[in-house]
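Novice: Here's a structure for you.
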Amino acid sequence: MSSDDAQQGEAGGEDQGRTVRVVLVDDHRMFRTGVQAEIGRTEQTRVEVVGEAADVDQAITVITATRPEVVLLDVHLPGGGGVEVLRRSAAMMVDPERPVRFLALSVSDAAEDVIGVIRGGARGYVTKTITGTDLVDAIFRVADGDAVFSPRLAGFVLDAFASTDAPPVDEDMDRLTQREREVLRLIARGYAYKEIAKQLFISVKTVESHVSAVLRKLQLSNRHELTRWAAARRLV
């Protein structure tokens, strides 16, 4: 995101007297710091970052404690992913007095990821290439109840919800648990078992068990086939 872009949009975009309270949920601290620097200058952006979280449990704790208007939510998180945060926040999303609304902010532009969080209740999905100006605008729009998508991603949602002919979710992926999907993506990106264990806060033995389950369910023989399978579905 461009800091200059953020500055250009700060003065004239949103309601001057209104501030939107936001929680950042992403497992990369440096990215959270960058987003905070872009949007967290409250006097200029009218966005107040009231909390941060790096995994699912932290997210639920912070969101419950702060009750923000908007949560910027990464899709891939330790503890079950963004979909699990949405599931556990269902009551807060429909609170008639103080609804908490979710905007997915992710590096992934895979159709399965987009559709998964929208089905889970997110109001929109933008990628991490978004400018500071556009992100502030998206936050205000989501706070107002609008749906916001990066241009290319809107087509995934329209296709998934408008067409009854094509299944919106990959049938093979649908056989996997959320944790197995997380392990699959990390394996496909070249992570070693020890690195995956550290990333997901699980043991190496548990990683091995998940990999075995994924290979069995997808009828693949080894991690090389798994990587090719994931690349063909743009999951890497």
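The values are calculated or read from the model by the stated rules, or taken from the named source; none is laboratory data. Just so it is clear, the structure is predicted and the values come from calculations on it, not from any experiment. As a convention, Cβ positions derive from the backbone with ideal geometry for all residues, glycine included, and neighbour counts pool all protein chains shown. Areas reflect the complete protein model, heavy atoms only, side chains present, ligands, DNA and RNA absent. Shrake-Rupley method; radii C 1.70, N 1.55, O 1.52, S 1.80 Å.
Novice: Go ahead and set up a Gaussian network model of the chain, Cα springs under 10 Å, then flag whichever of 51, 17, 79 fluctuates most.
Specialist: Answer for the Gaussian network model of the chain: 17.
Novice: Picking from 134, 172, 57, which is most flexible by a Gaussian network model of the chain using Cα springs under 10 Å?
Specialist: 172
Novice: About its Cα centre, what dipole magnitude does the stretch 94-155 give when the only charges are +1 on Lys and Arg Cβ and -1 on Asp and Glu Cβ, stated in debye to the nearest 20? Intermediate values should be presented prior to the final figure.
Specialist: Working: 7 positive and 9 negative charges, 10 e Å.
Dipole of the stretch 94-155, to the nearest 20 debye: 40 debye.
Novice: While we're here: What is the chain's relative contact order, in percent, from Cα pairs under 8 angstrom and six or more apart in sequence?
Specialist: Values: 375 pairs, mean separation 39.4, N = 236.
It rounds to 17 percent for the chain.
Novice: Compare the Cα positions of 188, 148, 68 along the charge dipole of the chain (+1 at Cβ of Lys, Arg; -1 at Cβ of Asp, Glu; about the Cα centre) and return the one farthest towards the positive end.
Specialist: Result: 188, furthest along the dipole toward the positive end.
Novice: Keeping all protein chains in the complex and leaving out DNA, RNA and ligands, what accessible area do you get for residue 62 with a 1.4 Å probe, in Å² to the nearest 10?
Specialist: 30 Å²
Novice: Straight-line reach only, C-alpha to C-alpha below 19 angstrom: list the lysines that residue 194 could link to, leaving out same-chain residues fewer than 8 apart.
Specialist: Candidates past the 8-residue exclusion: 205.
Novice: Of all the accessible heavy-atom surface of the chain, with the other protein chains kept in place and a 1.4 Å probe, what percent is carbon and sulfur? Walk me through the numbers on the way to the answer.
Specialist: Working: 5740 of 11480 Å².
The value for the chain is 50 percent carbon and sulfur by accessible area.
Novice: Now for a different question. Quick one: compute a quarter of the convex hull surface over the Cα atoms of the stretch 171-233 and quote it in nm².
Specialist: Values: hull surface 14.9 nm².
If you wrap the Cα atoms of the stretch 171-233 in a convex hull and average its projections, you get 3.7 nm².
Novice: Turning to a different aspect of this structure: With a probe of 1.4 Å, find how much accessible area the stretch 171-233 has per residue, and write the answer as a whole number in Å².
Specialist: Values: 3620 Å² over 63 residues.
It amounts to 57 Å² per residue over the stretch 171-233.
Novice: How large is the accessible surface per residue of the stretch 20-162, computed with a 1.4 Å probe and reported in Å² as a whole number? Working shown, then result.
Specialist: Details: 5850 Å² over 143 residues.
Per-residue value: 41 Å².
Novice: Which whole-number percent of Cα pairs in the stretch 20-162 have a distance greater than 18 Å? Working shown, then result.
Specialist: Working: 5034 of 10153 pairs.
Value for the stretch 20-162 (Cα pairs over 18 Å): 50 percent.
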